[in-house]
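Before any comments, here is the structure.
Nothing in this text is a laboratory measurement; each read-out follows from the coordinates by a stated rule. Just so it is clear, the structure is predicted and the values come from calculations on it, not from any experiment. Cβ atoms come from the backbone with ideal geometry, glycine included; neighbour counts cover every protein chain shown.
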Amino acid sequence: MVLATPARSGKSSSLADATGDSPSGRRGAGKFLLDGLLTYGTEILSSALLFVNGVLLARYLGPDGRGQYAILILVPLTCYAVGHLGFFQGLVHGSIRERDTLPVRALHALLMAGTLGSALMVIAFLVFRSGWLEQFEVASPLALALAVAGLPAILLNHFAQAIMLGRDDLVRRNVLRLLEPLGYFVGTVVLLVALRRGVTGAMGAWIGSYWCAGLVSLYWLVPLAAQVRFRPDWKRLLQDLRFGIASYGGAVAIFLLHRQDQALVAYFLDEADVGHYAVAYSLIMMMGILPNAIQAAFLPKVTLAWYDEGGSEAMTPFVCRVMTAISAVLGLGAAALIWPLLRWFYGEAFLPAAWPFIVLLPGVVVLAGLSALHSAMQARSAQRWVSIGAALALVVNVLLDLWWIPRFGIVGAAAASTVAYLAMVALVARAFLAIDRHVTIGDLAILKREDLAMIRRGLGPIVARVRARLRRENGRD
């Protein structure tokens, strides 16, 4: 297989330059690791809030109510995944390459969130009116209205995060990222725990979390858009849309890959099975803490390295090796703790979620470990291979779900997802290796002794800054 790659200028980078053997490399590695650690901390706190929230949902809704809630939010989430047109990716890519156009792209984020959000609200409402949810007897008309009303806020918050990534402003990106689970937790405590509003209360908490982050997004984006007097640049807007649409199919396929099995579980099995599988899925997705943090810190830098400096070849394998090693360790720990965790926090009623979790682990560990390849392919304008891999995985997943769910229940759904994740990673890795021909699969997956030294050198400037700050604080005392 021969893959075309975009032309670029500049010298090829080495592992030393990318990760820390040169003075510039040490500064770059330190900044990269600092951004990664800050974002990792945000993801840990976010996941902790989501975990506590998941426990509250399970305890106060039970398996049946948790299954109803999972089906209810599936409609707006699917509308978002299908309707965002890949504009998030286009905004990130365009903002990174043309930093001086951030104000006009902030305006585009506002316009597209309003336009697409309004259209998706109509679509979601029509889906609810179709009667598809009647078989599950889910919630009240108020809960359905709440689900629909959140779509503009979901788009606005995610588009605002794209602008912050383009500015390399990870502090504000992390604030927006954290506001969602924080608002979700507060809303759940008030509406579900205190007021006992059931599935409707849980739905209100979920939507309220997005509007909380959406209002902050407006506060940051409107002043930026005012700098261009709210005049859009239609050429750049279409340019970002074209780039996003190139990865749009992959984004939709990835979403469906993660979510469609819950719909098929609901079709073949009952609400309690949906609740068990939803808990297993929500817990397994916490393995994405590390990839989410590294992606946020990695994408702006790898894109600039590829286009401006001509080299992200060394950085990408390094990040993949480290993430694979950490994901494997986390996976082993998760497998050992899943049964006591479910028993202590969720209760005996949710113990059936343990085996789907175990079966999902291998695929999720590999997917998490090599997820940096997605950023690397996007930086090379070769994101179509991520889309192709996701589409292949989706087809594999649906076919195996139709075969295995009726026979093996939710464990069959988990096994189908694992096979699909591995198929996707195999294709994307093959495409990456065809572009960067000097890299081998071992370079991506097997940790090297020098990697630990690179991490220590990268952390050196961070540790020095912390020590200097502590000395100044002690001096004041």
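Relative intensity of segment 157-266 on a log10 scale, I(q)/I(0) at q = 0.12, 0.14, 0.16, 0.17 Å⁻¹, equals -0.63, -0.82, -0.98, -1.05, per a Debye sum over C-alpha point scatterers of equal strength in the absence of solvent. The label point for Thr440 and the one for Tyr219, both projected 7 Å from the Cα toward the Cβ, are 5.3 nm apart. Could you give the nm distance between label points at Arg343 and Arg242, where each point is 7 Å from its Cα heading toward the beta carbon? Result for the modelled spin labels: 6.0 nm.
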